[in-house]
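First comes the structure, then the notes that go with it.
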Amino acid sequence: MGMKKIVEIDENEGLEKLLGEKVTLLCCRYIYTGKLTGVNDLDVLLTDAAIVYETGAWDKKTDYSDVQALPGDLYVLKGSIESYGVWK
């Protein structure tokens, strides 16, 4: 019978690791982008936030085809985030 062992625990993983980066959040209804400046148990905070209506080619490092700035900071519930990353 095999044994599972803990090799390493990294407390700075996931969203917390991306603090300060320009991230893209793929949510259940919309795509948001902005600088990730806050993370807590329930939500994340994006500054210089924008909503993405058309991405264009994902493999291009240029900005999204149709991205519109929001009037202020944006709080996004973590429960609505399906995936995220630093892409464009």
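Tabulated data
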item	result
Selection status of Tyr84, among the aromatic types (Phe, Trp, Tyr), part of a strand (DSSP E or B) and touching a residue at least 40 places away in the same chain (Cβ under 8 Å)	yes
Residue that is surrounded by the fewest Cβ atoms within 10 Å (Cβ to Cβ) [pool: residues in segment 62-71 that are over 15 Å from Val44 (Cβ atoms) and modelled with pLDDT of 95 or more]	Pro71
Selection status of Ala49, assigned to a strand (DSSP E or B), free of Cβ contacts under 8 Å to residues at least 60 places away in the same chain, of a type in the set (Gly, Ala, Ser) and out of contact with any helix residue (DSSP H, G or I) (no Cβ under 9 Å at 6 or more places or on another chain)	yes
Residue within segment 53-62 that is more than 15 Å from Gly85 (Cα to Cα), without any contact (Cβ under 8 Å) to a residue 40 or more places away in the chain and not in a loop (DSSP other than H, G, I, E, B) present	yes
Any hit, segment 5-25, residues being of a type in the set (Gly, Ala, Ser), in contact (Cβ under 8 Å) with a residue 24 or more places away in the chain and on the phi > 0 side of the Ramachandran plot	no
Any hit, segment 18-35, residues being loosely packed, with under 10 Cβ neighbours inside 10 Å, among the small types (Gly, Ala, Ser) and under 17 Å from the mean Cα position of the chain (by Cα)	yes
Sole residue being loosely packed, with under 13 Cβ neighbours inside 10 Å, within 22 Å of Gly14 (Cα to Cα) and either touching a helix residue (DSSP H, G or I) at 6+ places or on another chain (Cβ under 9 Å) or of a type in the set (S, T, N, Q) (or both), chosen from Gly79, Gly85	Gly85
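The values are calculated or read from the model by the stated rules, or taken from the named source; none is laboratory data. This one's a predicted model, so the numbers in the text were calculated from it and none came from an experiment. Ideal geometry is used to build each Cβ from the backbone, glycine not excepted, and the neighbour counts take in all protein chains shown.
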